[in-house]
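Working notes, structure below.
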Amino acid sequence: MITLDRISKTFPGTDIPAVDRVSFQVNAGNICVFVGPSGCGKTTILRMINRLEEPSSGRITVNGQDIMSLDPAVLRRTIGYVIQQIGLLPHKTIEQNVSLVPELLNWPKSKIKARVTELLVLVGLDPGTVGRKYPHQLSGGQSQRVGVARAMAADPPIMLMDEPFGAVDPIVRIHLQDEFLRLQQHLKKTICFVTHDINEAVKMGDYLIILNMGRLIQMGTPLEVLTEPADDFVLNLLGDDRGVKILDLTRCETLMDRDRNFPYNPDSCLIQSVKPVKIALELMMKKNIDQVGVCKGERIVGVLTWNSIKEHISRVSRDRP
Ligand SMILES: Nc1ncnc2c1ncn2[C@@H]1O[C@H](COP(=O)(O)OP(=O)(O)O)[C@@H](O)[C@H]1O
Ligand SMILES: [Mg+2]
């Protein structure tokens, strides 16, 4: 668990704080996404967590320990750091780049070799071919994967990821996001993830922390933030398709009518209760129907209607909640 308690940072020679009395907690096993416009303090917050910057005031703890009482080198070994400008060493092979931290930790050669192979496979790269290449021989997407693999090399419980998928094109980016979420289901790392892309934030985050000009504006689950934006700044950041984003995060069972009888016949459209309402809506549009049966396994447990979806959107996406 990571906690920040009234953290401020004013860089020397400036009088406006880059980070201004920010407090929050990131629970173990969660992805917490920091989102906000360029210059709002996201990178500075991450860099204070692994002590690449010192706060001007406030306290940061990791698993209850004040990080100022820890040796920075020891602290950083428990924290993987991924940045957009990946920073791979150009004259070392991919294999050597991923081995850096385990070598620093004096792992035996055979253990390092096995770990590097395992990691490259984990992030979707072929160890036999990619492992022997040099950074300039890789595509943007491959380099980003190597960056993630390198940060995970010593299996740190915490990962700081600063716009890790920022430098790749949108399609590769969606792939990397999906793969990373799949990995995280097993790895359960504690992750601080920075992005300026609200769609990426909503997709990746268990929690969002919304920042503007060094201040924490709002904190909550993506659904909480989408349904109750704190102010006009958050509202604008969320974008015009806020209603659609909400439908993507709302399960059919939340909006279904339990008491209504579904007129079942062999051509009826059915959807599983845990699926997003957005999928049900797409189904209704495609089949030109105005209701679907909602199932738990084989059993029909309710009915989801076009009208109830419409009412929900207009209720939650009013301009001023
Ligand atoms: N080393 C530094 N010296 C002076 N100002 C800095 C330094 N690093 C960042 N800043 C300033 O702090 C603010 C926050 O920067 P940063 O944390 O990089 O924002 P973000 O990552 O959200 O784009 C910006 O105004 C930036 O110019
Ligand atoms: Mg930044």
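Only residues that are away from ligand 2 (no atom under 16 Å from the Cβ) and surrounded by 14 or more Cβ atoms within 10 Å (Cβ to Cβ): list them for the range 21-39, please. It would help to see each step written out before you state the result.
Within the range 21-39, the subset away from ligand 2 (no atom under 16 Å from the Cβ) is 21, 23-31.
Correct list: Arg21, Phe24, Gln25, Val26, Gly29, Asn30, Ile31.
Of all the criteria given as (1) surrounded by 15 or more Cβ atoms within 10 Å (Cβ to Cβ); (2) at positive phi, the one not satisfied by Gly293 is (2).
So in the range 67-91, with the set limited to residues that are within 27 Å of Gly13 (Cα to Cα), open to solvent by 40 Å² or more (accessible area, probe 1.4 Å) and under 25 Å from the mean Cα position of the chain (by Cα), which one is modelled with the lowest pLDDT? Among residues in the range 67-91 that are within 27 Å of Gly13 (Cα to Cα), open to solvent by 40 Å² or more (accessible area, probe 1.4 Å) and under 25 Å from the mean Cα position of the chain (by Cα), the one modelled with the lowest pLDDT is Gln85.
Taking Pro266 as the residue in question, decide whether it is more than 26 Å from Glu200 (Cβ to Cβ) and not hydrophobic (A, V, I, L, M, F, W, C). Don't jump to the end; show me each part of the working.
Values: more than 26 Å from Glu200 (Cβ to Cβ): yes; not hydrophobic (A, V, I, L, M, F, W, C): yes.
Spelling it out, Pro266 is indeed more than 26 Å from Glu200 (Cβ to Cβ) and not hydrophobic (A, V, I, L, M, F, W, C).
Among residues of the range 1-23 that are among the acidic types (Asp, Glu), those with a Cβ under 9 angstrom from a residue that is outside any strand (DSSP E or B), sequence gap 6+ or separate chain, pair up as Asp20/Thr10; Asp20/Gly41; Asp20/Met213; Asp20/Gly214.
Across the range 150-183, the qualifying residues are those that are open to solvent by 30 Å² or more (accessible area, probe 1.4 Å) and among the β-branched types (Val, Ile, Thr), and the one among them that is farthest from ligand 2 (Cβ to nearest atom) is Ile171.
Evaluation of Lys42 against the conditions (1) open to solvent by less than 50 Å² (accessible area, probe 1.4 Å); (2) in contact with a helix residue (DSSP H, G or I) (Cβ under 9 Å, 6 or more places away or on another chain); (3) within 16 Å of ligand 2 (Cβ to nearest atom) shows that the sole unmet condition is (2). Out of Ala167, Ala149, Ala154, one residue alone is at pLDDT below 85 and closer than 22 Å to His186 by Cβ. It is Ala154. Whether a residue is open to solvent by less than 50 Å² (accessible area, probe 1.4 Å) and of a type in the set (D, E, K, R) was assessed, and Glu253 passes this test. Among the numbered conditions (1) outside any loop (DSSP other than H, G, I, E, B); (2) farther than 24 Å from Lys42 by Cα, the only one that Ala154 does not meet is (1).
I need the full set of residues from the range 4-15 which are open to solvent by less than 60 Å² (accessible area, probe 1.4 Å) and either in contact with a strand residue (DSSP E or B) (Cβ under 7 Å, 6 or more places away or on another chain) or near ligand 1 (Cβ under 7 Å from one of its atoms) (or both), in order please.
Here is the first cut: in the range 4-15, the ones open to solvent by less than 60 Å² (accessible area, probe 1.4 Å) are 4, 7-10.
Selection gives Leu4, Ile7, Ser8, Lys9.
When the helices (runs of 4 or more DSSP H) confined to the range 170-252 are screened for residues that are under 30 Å from Pro17 (Cα atoms) and within 16 Å of ligand 1 (Cβ to nearest atom), those reaching at least 1 such residues are found at 198-204, 232-238. Are there strands (runs of 3 or more DSSP E) fully within the range 16-79 with at least 2 residues that are within 17 Å of Ala151 (Cβ to Cβ) and more than 10 Å from ligand 1 (Cβ to nearest atom)? List them. So the answer is 31-35.
Restricting to the range 114-136, name every residue that is assigned to a helix (DSSP H, G or I), under 21 Å from Leu183 (Cα atoms) and free of Cβ contacts under 8 Å to residues at least 12 places away in the same chain. Correct list: Ala114, Glu118, Val121.
The values are calculated or read from the model by the stated rules, or taken from the named source; none is laboratory data. Every value quoted in this text rests on a predicted model; they were computed, and no experiment measured them. Don't worry about glycine lacking a Cβ; one is built from the backbone with ideal geometry, like all the others, and counts go over all protein chains shown. Quick note on the areas: whole protein, heavy atoms, side chains included, nothing else; ligands and nucleic acids left out. Shrake-Rupley method; radii C 1.70, N 1.55, O 1.52, S 1.80 Å.
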